[in-house]
1. With +1 on the Cβ of every Lys and Arg and -1 on the Cβ of every Asp and Glu, and nothing else charged, how large is the dipole of the range 254-381 about its Cα centre, in debye rounded to the nearest 20?
2. Over the range 38-146, what is the mean sequence separation of C-alpha contacts under 8 Å (at least six apart), divided by residue count, expressed as relative contact order in percent?
3. What's the carbon and sulfur percent of the chain's accessible surface, probe 1.4 angstrom, rounded to a whole number?
4. Under 10 Å, Cα contacts only: if you run a Gaussian network model on the chain, which one of Ser351, Ser106, Ser272 comes out with the highest mean-square fluctuation?
5. Just how many % of Cα pairs in the range 13-72 lie over 19 Å apart, if you round to the nearest whole percent?
6. Check the straight Cα-Cα distances from Lys47 and name the aspartates and glutamates below 19 Å, setting aside those fewer than 8 residues away within the same chain.
7. Give me the accessible area of Thr190, 1.4 Å probe, in Å² rounded to the nearest 10.
8. Keeping all protein chains in the complex and leaving out DNA, RNA and ligands, what accessible area do you get for Ser73 with a 1.4 Å probe, in Å² to the nearest 10?
Amino acid sequence: MAKWDVIVIGLGGAGSAAAYHLAARGCRVLGLDQHHRVHTHGSSHGKTRIIRQAYFEHPSYVPLLRRGYELWSELEQAVDEDLFQRTGLVELGPKEGVVIPGVLRSAAEHGLAIEELSVAEVAHRWPGLAAREVHSQAQWQAVIEKDAGYLRVEACVEAHLRLAEQAAATLQHERPVRHWRATPYGVKVTTDDGVEHAERLVIAGGPWSGQLLAGLGIRLSVLRKYQYWYAPQQTGYDQRDGFPCFFHETPAGNFYGFPSIGQDGLKVARHSGGTPVETPTSPHPTDGADQSLIEDYLKAFLPGVGKHLQAQSGCYYTMTPDEHFIVDVHPDHPQIAIVAGLSGHGFKFTSVLGEIACQLALDGETTLDTSLLRIERLRQV
Ligand SMILES: Cc1cc2nc3c(=O)[nH]c(=O)nc-3n(C[C@H](O)[C@H](O)[C@H](O)COP(=O)(O)OP(=O)(O)OC[C@H]3O[C@@H](n4cnc5c(N)ncnc54)[C@H](O)[C@@H]3O)c2cc1C
């Protein structure tokens, strides 16, 4: 008999949640991560992640988010901590663009509460969001989703890890997995400290998924991205003043950010673009060109923030060709579940992806509809 029921490779956003759900179902779980607990080398760091339900990327994500919201709430209760701050989210862009029509479509299909506003109404409500350079304001529109906001990203990962341990999971950090192999009885996982055997495996390797899934015939590209914290030069940007999270579709790309939070300042980042990297490494070099795009954006869309940069941090997006996730059982090995390619928008889902990974690994199927996220659509072999 294998020592472990399930091994989880990767204890970041998705893997920490998977380890928790598996342990909560009574499995003997071994979680392995190459880095230390809640580290800054992958994709799940930088204090905050936007969470929203009126999903412009595709309406099929909405039922997953509904379950995700329930699970975040249960997690908050279980660890007695505020993980989800409901600041609301303002999304602004061209009426004929991608974001506004996508939000409206998801909201209509799933009966989600959103408010539609003109650009002028947004500027009236939040003067700090007065978009000076929206050339033809009539062509632009805003939507407000009140039941949106941000997750405290590191606290969420830590909460899942802690609950996994409380449910008797064994979590080993700084123990990289060098290889894994399916066997007639389960899986064999090789590390520098020896080999581990389990009946089942969850692979949640974030930006290292390409290496862990080599041979599967899917193309994952890794992009280096930056997040910046500015000290606003004018008032009105603070979370305590009711300033919301924001997302703009602009001619220069998509940008987003958060209200100013305590001493951290206002975090802002570019969702578009990014520098392709072969192998994820850190620390990240600085990128003056990216920072200058950010400051042009701030000047145009959040004119009172200014240029007083307090901190910056690099991070990785792991992109699939269609920017939808991979959440599935391995096509050749049904004892292996895969969560990968979260394409820069996956953190808000990690609570539900943990539950789904657990179901896929143990039951071979999930109670939620993940047909959009199947591996088969991307396989080139
Ligand atoms: C700047 C930035 C902003 C973002 N903003 C948002 C947002 O606002 N909202 C949102 O929903 N999403 C957002 N995202 C995306 C989201 O953060 C990611 O999709 C999510 O965190 C990915 O989680 P993961 O578990 O796949 O990867 P990670 O959290 O990186 O976890 C992967 C783990 O696997 C481990 N690992 C890999 N290979 C091995 C191995 N061989 N052996 C052992 N361990 C291994 C790694 O060490 C790592 O801990 C953002 C991402 C970035 C970079």
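1. On the way: 8 positive and 15 negative charges, 93 e Å.
That gives a dipole near 440 debye.
2. Details: 130 pairs, mean separation 33.4, N = 109.
Once divided by the residue count of the range 38-146, the mean separation gives 31 percent.
3. That share works out to 48 percent.
4. Taking springs between Cα atoms under 10 Å, the residue moving most is Ser272.
5. Details: 872 of 1770 pairs.
In whole percent, the long-distance tail amounts to 49.
6. Leaving aside aspartates and glutamates fewer than 8 places away in the same chain, those within reach of Lys47 are Glu76, Asp80, Glu81, Asp82, Glu154, Glu158, Asp238, Asp264.
7. 40 Å²
8. Per-residue accessible area (Ser73): approximately 50 Å².
The values are calculated or read from the model by the stated rules, or taken from the named source; none is laboratory data. Quick caveat, the model's predicted, so the values are computed rather than measured. Neighbour counts run over all protein chains shown; Cβ positions are idealised from the backbone, glycine included. Please note that ligands, DNA and RNA were not included when accessible areas were found on the heavy atoms of the full protein model with its side chains. Shrake-Rupley method; radii C 1.70, N 1.55, O 1.52, S 1.80 Å.
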